[in-house]
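Peer 1: Starting off with a structure, shown below.
What follows is calculated from the coordinates using simple rules that are stated; it is not laboratory data. Remember, predicted model here, so these are calculated numbers, not experimental data.
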Amino acid sequence: MTKLLTIILMLAVSTANAADSNNPPDVETLMTPEDYAASGLDKLSASEREHLSEWVERYREGAVIGPEANKKLSDMTKEEKIEYQKVQEERYPVIVAKVIPAFRGWSGKTIFRLDNGQTWQQRTVGKLRYSGNDSTITISRNKLGKYILKHDDTGRGIGVLRID
């Protein structure tokens with residue numbers, strides 16, 4: 001059991017480091033064929049592997065905390081939603097920083113280097129040209145657990161992922 005949990009956590013880390021996609025990678029593609037067979041995952045049915053892949057993605061996005069899965073937001077009471085929001089804010093604090101050098105917008109796979117030492121990359125499609133002087137941005141998580149970079153001066157946002 002410990003070995004299986006270790007494998008699942010390794011898969012979660014691998015998934016977190018994988019390129020962003022709307023379809024999470026299958027567990028089989030995250031491991032070498034030797035590791036996949038040695039872990040016993042090759043004995044799972046296709047539907048069991050699919051469920052494991054989906055669980056790893058939910059875990060990576062923070063929808064699973066420990067052995068208990070969180071309810072869907074639509075199934076939560078008002079009090080549960082408030083508590084869930086508090087937990088999410090503690091786990092994933094909002095980042096306010098300045099882009100260096102000066103913020104000029106985004107296009108394609110723009111890299112954002114921040115004055116706090118973090119580096120983020122655009123993960124969703126979109127373009128924004130900016131010629132002003134305000135480089136302040138805010139990074140937060142959306143309801144799906146994905147990071148959104150919002151430029152404070154324009155109010156525009158784009159999906160990002162942390163690369164350093």
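Peer 1: Remind me, relative contact order of region 98-144 in percent, using alpha carbon pairs under 8 angstrom and six or more residues apart?
Peer 2: Relative contact order here is 43 percent.
Peer 1: If you average the alpha carbon positions of region 102-157 and of region 34-58, how far apart do those two centres end up, in angstrom?
Peer 2: 35
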